[in-house]
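The values are calculated or read from the model by the stated rules, or taken from the named source; none is laboratory data. Computed from a predicted model, the values in this text were never measured in an experiment. When we count neighbours, we look across all protein chains shown, and the Cβ atoms used for this are built from the backbone with ideal geometry, even at glycine. Quick note on the areas: whole protein, heavy atoms, side chains included, nothing else; ligands and nucleic acids left out. Shrake-Rupley method; radii C 1.70, N 1.55, O 1.52, S 1.80 Å.
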Amino acid sequence: MALLQSSQLGRKKDTRTVGRNYQSGFLILFTLLMTTAIAGRLAYLQLVEGAHHRQRAEANRIRTIPKQPERGNIFDRNGKLLATTRYPHSVYLWPMAHTRPSWSVVGPRLSKILNLPLDEIEKKLEDAGPNSSSLVRIARDVNEAQITALKEYGNELQGVEINTEAVRFYPHGKDLAHVLGYTRELTSEQLKHKRQEGYRLGDVIGQMGIEKAYEHLLRGEWGGQQVEVDSKGRPIRVLGEKQAKPGKDIHLTIDVNVQEAAEKALGNTKGAIVALDPKNGAILAMVSHPTFDPNIFSKQKLSQKDWQTLQGKDHPLVNRALSAFPPASTFKIVTTSAGLESGKFTPNTVLQTFGSLTVGGVTFSEWNHSGFGPLGFPKAIAMSSDTFFYQVGRRTGGPTLIEWSHKYGLGQKTGIEFADEESKGLVPDDAWKQKIWKMPWTVGDTINMSIGQGALQVTPLQSARMFSVPANGGYRVQPHLLQDNEQAKSWRVSLNMKPETIKVLREGLRKVVSEGTGTRLNVPSIPPTSAKSGTAEAGTNRPNHTWFGAYSPSDQPEITVVAFGENTGEHGGTICAPMVLQVLEAYFHEKYPGKYVKSASEEKSGHSTGD
């Protein structure tokens, strides 16, 4: 026992601790976990995030220089140019320019040369985003003095580029403003909704008229170059290029000769003129006054004077051809149709007219305050007798009169391409009156409607469509501006009117010119023409609105023209009839040279009204 203890005491004590109590296992496991994590992170960066990081790396080496597509041209029906493109110089920057140390020099210098607020430039760069690899346009249509200054300070303005770009140009200026509309750079709000359609910061877009309606055809597709650059951002070589795809050219139904004649005829009168083909609704002219020059919107920034011309109290941007007003006696076309089609009247009906009629305790006056004696429908249309049509409306009834108003397309949009700009007008009925006035429909409302007064509202374009129904033999046409090769039947719907009704309407409208309120058009400078005048009450202490609509030739109509004067006073036959005459002269003298005699004003000026 003593020997055993002596032996154990003689041994050296074991002081090793590494590897004892599972420590080596933990170390191995820790090493494996760290190795796995590093490998996983590397795999994630290469496989998952690899494309993103390669893109970021290449953004420093490869840049895209976008190439704007050329917008499609717009032509009239005869191939005359209405809208095209010019190529001024524009100034561009890379989006990250304002984050560089040099921006403290570059920014103020650019602001001074381009006459742009510094915060406005920075806002455009911020909107593009720091990771964008495309140039950002900060100024358009710079002049030669500005280009020279930019080049003089070229050493300070590193990264600033000057390129040409396409800008919209309207050679006819204000003459077609409400037809063509205008283009303008996208606002920040519009861009939010348009990014998904491929639009980008700095894009221009149709904001009104044809430019807006056919944006999808006119726009085209962007192209661009991929360029390799050095560490200072200077191009080394072109890596690839995608050609920009130009927008499509389109041809309109507009006849620029008729359009210019209508613009000249309307002059400074607040109102509108519409001319269309009564067979298919093709619009030959559409003018509205006050108007504006759409070229204003091609500027980089509108001046105070520009804004004043656009924001005046007369609202020049409003298209009055698509705005609604009481139609007055032109509506007697619908009243005649409703009366005869109801079966309560015949083409041979004769009614006594009076100085006034009293219904339900309310007195409704004749416009001449004396009446015209006994009249049939054609003569009543010619003389525009109010008391005749009061009786027709009362016996026909409100529901039937309202029904035929809708058949003529009133109270609804016409289908023209400018849906956002067009008013549908108003055909009041019992439900409308109960909702608005909390009162039921009365016979007085029917009597007022029978002569185009009361709450009834019609646009000049709707009126032109109304006049086209008797002109084309009983069809409601769809007004349109894009020219195509479809047959007339594709653009019109039959109202299924009796032949006798059409005959009475055409006879009455012809008598308006030959012996009634439209004799100003009974002249040899145009073919025999049919028409109807109207003078609408516009409210207490406000001048009357005036109307005059016509189609010609009476036997085989080729053109319908409606002129409207807003608060002009006087009468439709004195204010608007001469306007319609000028448009008709321009149309027929251009189409049939020498067939009709020139008017006195044409002889004096030595050329056609529409030239």
Contact list, first residue from region 175-191 and in contact (Cβ under 8 Å) with a residue 12 or more places away in the chain and part of a helix (DSSP H, G or I), second anywhere and among the small types (Gly, Ala, Ser) and buried (at least 19 other Cβ atoms within 10 Å of the Cβ), beta-carbon distance below 6 Å, six or more apart or interchain, is HIS178/SER288; VAL179/GLY209; LEU180/ALA83; LEU180/GLY209
Those residues that are under 17 Å from LYS532 (Cα atoms) and either in a helix (DSSP H, G or I) or small (Gly, Ala, Ser) (or both), I need them from region 350-381; list them, please.
GLY376, PHE377, PRO378, LYS379, ALA380, ILE381
Residues within region 484-504 that are in contact with a Phe, Trp or Tyr (Cβ under 9 Å, 6 or more places away or on another chain) and more than 22 Å from THR414 (Cα to Cα), tallied:
1
Exception for LYS313 within (1) surrounded by fewer than 20 Cβ atoms within 10 Å (Cβ to Cβ); (2) among the basic types (Lys, Arg); (3) touching a Lys or Arg at 6+ places or on another chain (Cβ under 8 Å) falls at (3)
Suppose the filter is hydroxyl-bearing (Ser, Thr, Tyr), over 26 Å from GLU566 (Cα atoms), out of contact with any helix residue (DSSP H, G or I) (no Cβ under 6 Å at 6 or more places or on another chain) and at pLDDT below 95; does SER514 pass it?
no
Restricting to region 274-328, count the residues that are touching a Gly at 6+ places or on another chain (Cβ under 6 Å) and farther than 28 Å from GLY454 by Cβ.
1
Check every one of the strands (runs of 3 or more DSSP E) wholly within region 513-581 and list those with 2 or more residues that are of a type in the set (A, V, I, L, M) and within 18 Å of ALA275 (Cα to Cα).
559-565
Apart from one, (1) open to solvent by less than 60 Å² (accessible area, probe 1.4 Å); (2) out of contact with any Gly (no Cβ under 7 Å at 6 or more places or on another chain); (3) under 23 Å from ASP255 (Cα atoms) all hold for LEU505; the odd one out is (3)
Filtering region 126-154 down to residues that are touching a strand residue (DSSP E or B) at 6+ places or on another chain (Cβ under 9 Å), at pLDDT 80 or above and of a type in the set (A, V, I, L, M) yields VAL136, ILE138, ALA139, VAL142, ILE147, LEU150
Test GLN146 against the stated conditions and say whether it is more than 17 Å from ASN295 (Cα to Cα), in a helix (DSSP H, G or I), open to solvent by 50 Å² or more (accessible area, probe 1.4 Å) and in contact (Cβ under 8 Å) with a residue 12 or more places away in the chain.
no
Selection from region 419-455 of residues under 25 Å from TYR475 (Cβ atoms), among the hydroxyl-bearing types (Ser, Thr, Tyr) and not in a loop (DSSP other than H, G, I, E, B) yields SER450
Cβ-Cβ distance below 9 Å, separation of 6 or more or different chains: which pairs start in region 318-338 with a residue that is under 21 Å from TYR551 (Cα atoms) and part of a helix (DSSP H, G or I) and end on one that is open to solvent by less than 10 Å² (accessible area, probe 1.4 Å) and of a type in the set (Lys, Arg)?
SER329/LYS532; THR330/LYS532; LYS332/LYS532; ILE333/LYS532
Pull out all pairs, ordered by first then second residue, where Cβ-Cβ is under 7 Å, the residues are six or more apart or on different chains, the first lies in region 384-398 and is more than 18 Å from THR346 (Cα to Cα), and the second is in a helix (DSSP H, G or I).
SER384/SER329; SER384/LYS332; GLY398/ASP445; GLY398/THR446
Take GLN300 and tell me if it is within 22 Å of LEU266 (Cβ to Cβ), modelled with pLDDT under 95 and not aliphatic (A, V, I, L, M).
no
Can you pull out the helices (runs of 4 or more DSSP H) entirely within region 193-292 that have at least 3 residues that are touching a Leu at 6+ places or on another chain (Cβ under 8 Å), at pLDDT 95 or above and buried (at least 16 other Cβ atoms within 10 Å of the Cβ)?
209-213, 256-266
I want to confirm something. Restricting to region 400-418 and keeping residues that are part of a loop (DSSP other than H, G, I, E, B) and without any contact (Cβ under 8 Å) to a residue 40 or more places away in the chain, which single residue is surrounded by the most Cβ atoms within 10 Å (Cβ to Cβ)?
GLY411
Going through region 300-317 one residue at a time, which ones are closer than 28 Å to ASP255 by Cα and either of a type in the set (Ser, Thr, Tyr) or part of a loop (DSSP other than H, G, I, E, B) (or both)?
THR309, ASP314, HIS315, PRO316, LEU317
